[in-house]
Amino acid sequence: MDITTEKATEIPFKRTPVSKKAKQFAELLKKECPDYSYLRELFRQIRVELDIKVTHKEQKLPYVPSEEEMRKYYEMVWKSRDMNHIVIIKTLLYTGARVSELVN
């Protein structure tokens with residue numbers, strides 16, 4: 001089958017914008033006063049009816065430096081004798097604060 005006949009057999013469709021479809025669903029469901037768990041179960045059933053598989057984005061683990069890399073890093077900070085850097089590093093290590101929390 002060549003490209004021209006393949007395209008001719010495709011059925012074009014146009015999806016309703018999500019915000020418009022959400023308003024339609026909301027109008028239908030308003031009188032039932034749904035809560036979160038009801039809606040969650042409702043959409044789970046809709047996925048079953050439409051045979052839609054839930055896809056998950058693959059999550060990558062964060063890079064963890066080796067002991068040698070950490071040793072070199074702390075050594076460089078200590079050798080710099082910049083007390084601001086030393087205080088920041090020690091604060092992060094001893095408190096478990098996130099970098100963004102410390103920066104703020």
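Observations, loosely collected:
- In the chain, the longest principal axis of the Cα atoms and the axis of helix 36-49 are about 60 degrees apart.
- Spatially close Lys pairs in the chain, defined by Cα atoms under 30 Å apart and a spacing of eight or more places or different chains, total 25.
- Residues in the chain average 102 Å² of solvent-accessible surface per residue, probe 1.4 Å, ligands and nucleic acids excluded.
- Here's the picture: charge each Lys and Arg Cβ at +1 and each Asp and Glu Cβ at -1 in the stretch 9-104, and of M76, L93, L42 the one pushed furthest to the positive end of that dipole is L42.
- Taken one residue at a time, the phi angles of the stretch 81-93 give Karplus couplings (6.51, -1.76, 1.60, θ = phi - 60°) of 6, 8, 4, 4, 5, 5, 5, 4, 4, 5, 4, 4, 5 Hz. Gly and Pro are set to x.
- Solvent exposure ordering (accessible area, 1.4 Å, most first) of I46, I52: I52, I46
- Share of carbon and sulfur in the accessible heavy-atom surface of the chain [1.4 Å probe, %]: 60
- Probe 1.4 Å - accessible area at F25, Å² to nearest ten: 70
- 10 °C / 1.306 mPa s Stokes-Einstein diffusion coefficient of the chain, Kirkwood radius on C-alpha pairs, µm²/s: 76
- Counted without the sites themselves, the longest stretch of the chain free of trypsin sites (Lys or Arg not before Pro) in a DSSP loop having at most 15 other beta carbon atoms within 10 Å is 16-52.
The values are calculated or read from the model by the stated rules, or taken from the named source; none is laboratory data. Predicted model only: the values in this text are computed from it and were never measured. All Cβ positions, glycine included, derive from the backbone under ideal geometry; neighbour counts span all protein chains shown. Keep in mind that these areas ignore ligands, DNA and RNA; they rest on the heavy atoms of the full protein, side chains included. Shrake-Rupley method; radii C 1.70, N 1.55, O 1.52, S 1.80 Å.
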